[in-house]
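Have a look at the structure below before the remarks.
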Amino acid sequence: MKKIAIVTGASSGMGQWFARTAHEYVKFDELWIIARRADRLEALASELSGTEVRAIPMDLTDKAAVATLPGLLTEADAEVVLLVNAAGFGKFQSVENVSPSAAESMLALNCGALMDMCYTILPFMKSGAKILNIASVAAFQPVPYVTEYAATKAFVLSFSRGLWKELRPKGITVTALCPYWTKTEFFDVANNRSSQDMVKYFNAMYEPEDVVRRGWRDLLKGRDLSTFGLVARAQLLLVKLLPHRLVMWIWCLQQHIPQ
């Protein structure tokens, strides 16, 4: 039986970093990288010399496309030892400036596709398998002007931690990685580079390789939650202690948003 590791959102950002470093942390026979951009996947596959890589161009919001994965896994006689769900995007605008189609796509990719991948891949996992879902520190409180994104990541966090509890008796671990601001292509999509951009102040910005390294460490330890950086940990503590109305007021004050 062939041992398979799967990384979604592998064409950029932290998904790409997880794909590049997977062989350092998990033993597998083949790495499957999934994203919409075929050219970026092929370029990444060519970089990973010494690793057998299968690039699968796929729109994860297309349920029919995701439904083809069980057939591919069965054909490969596969056991999935790792699933990293890293596909997702956000917008830094007010709700009224985010188009309904963009909001629906965000919900479909950040929540629906992640959940579909877990449901689809779980039957091919055995004891020892690991799942890592990328959430965000935004998952722990409402975040005005990042409203839809924060709400989707709250779903990812809750879903992942519940799944962690359910799957522990089967020897399968689930980790929700909750990054703070991280230097990735996420910002190329989140910002319109216009007056509509409401989020302009970033009190800390971390390197993706550091966040990913911490994610691997916590995943291998079987932890349900992972985050990196003193600022990130301080914020998580504060949003547990402070009323969310106050947290939102402070956030808007930092961003110089009238309230």
Quiz item: Mind checking whether some residue in segment 141-155 is open to solvent by less than 20 Å² (accessible area, probe 1.4 Å) and touching a Gly at 6+ places or on another chain (Cβ under 7 Å)?
Solution: yes
Quiz item: Failed condition for residue 119, given (1) part of a helix (DSSP H, G or I); (2) touching a residue at least 12 places away in the same chain (Cβ under 8 Å); (3) open to solvent by 30 Å² or more (accessible area, probe 1.4 Å), with all others met?
Solution: (2)
Self-check item: Filter result for the condition that a residue is closer than 16 Å to residue 215 by Cα and either among the β-branched types (Val, Ile, Thr) or free of Cβ contacts under 8 Å to residues at least 40 places away in the same chain (or both), over 6, 56
Solution: 6
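Residues are listed down the side, and each one gets a yes or a no for (1) farther than 19 Å from residue 9 by Cα; (2) modelled with pLDDT under 95:
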| position | (1), (2) |
| --- | --- |
| 71 | yes, no |
| 84 | no, no |
| 98 | yes, yes |
| 125 | yes, no |
| 129 | yes, no |
| 133 | no, no |
| 138 | yes, no |
| 152 | no, no |
| 160 | no, no |
Exercise. Identify all residues within segment 62-106 that are open to solvent by 70 Å² or more (accessible area, probe 1.4 Å), touching a Phe, Trp or Tyr at 6+ places or on another chain (Cβ under 9 Å) and either of a type in the set (A, V, I, L, M) or outside any helix (DSSP H, G or I) (or both); write none if there are none.
Key: 95
Practice problem: Among the residues of segment 198-237, count how many are over 17 Å from the mean Cα position of the chain (by Cα), polar (S, T, N, Q) and surrounded by 14 or more Cβ atoms within 10 Å (Cβ to Cβ). | Solution: 1
Practice problem: Starting from segment 10-27, take each residue that is at positive phi and list its partners that are open to solvent by less than 30 Å² (accessible area, probe 1.4 Å), counting only C-beta distances under 6 angstrom and pairs at least six apart or across chains. | Solution: none
Self-check item: Residue that is nearest to the chain's Cα centre (by Cα) [pool: residues in segment 165-197 that are modelled with pLDDT under 80 and part of a helix (DSSP H, G or I)]
Solution: 186
Self-check item: Number of positions in segment 18-54 that are touching an Asp or Glu at 6+ places or on another chain (Cβ under 6 Å) and either within 24 Å of residue 179 (Cβ to Cβ) or crowded, with 17+ Cβ neighbours inside 10 Å (or both)
Solution: 1
Practice problem: Would you check which residues across segment 1-17 are among the hydrophobic types (A, V, I, L, M, F, W, C), in a loop (DSSP other than H, G, I, E, B) and surrounded by 15 or more Cβ atoms within 10 Å (Cβ to Cβ) and list them? | Solution: 10
Quiz item: Would you pick out the residues in segment 89-116 that are without any contact (Cβ under 8 Å) to a residue 24 or more places away in the chain and charged (D, E, K, R)?
Solution: 96, 104
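The values are calculated or read from the model by the stated rules, or taken from the named source; none is laboratory data. Keep in mind it's a predicted model, so treat the numbers as computed, not measured. Cβ: placed from backbone, ideal geometry, glycine included. Neighbour counts: every protein chain shown. Accessible surface areas use protein heavy atoms only, side chains included; no ligands, DNA or RNA. Shrake-Rupley method; radii C 1.70, N 1.55, O 1.52, S 1.80 Å.
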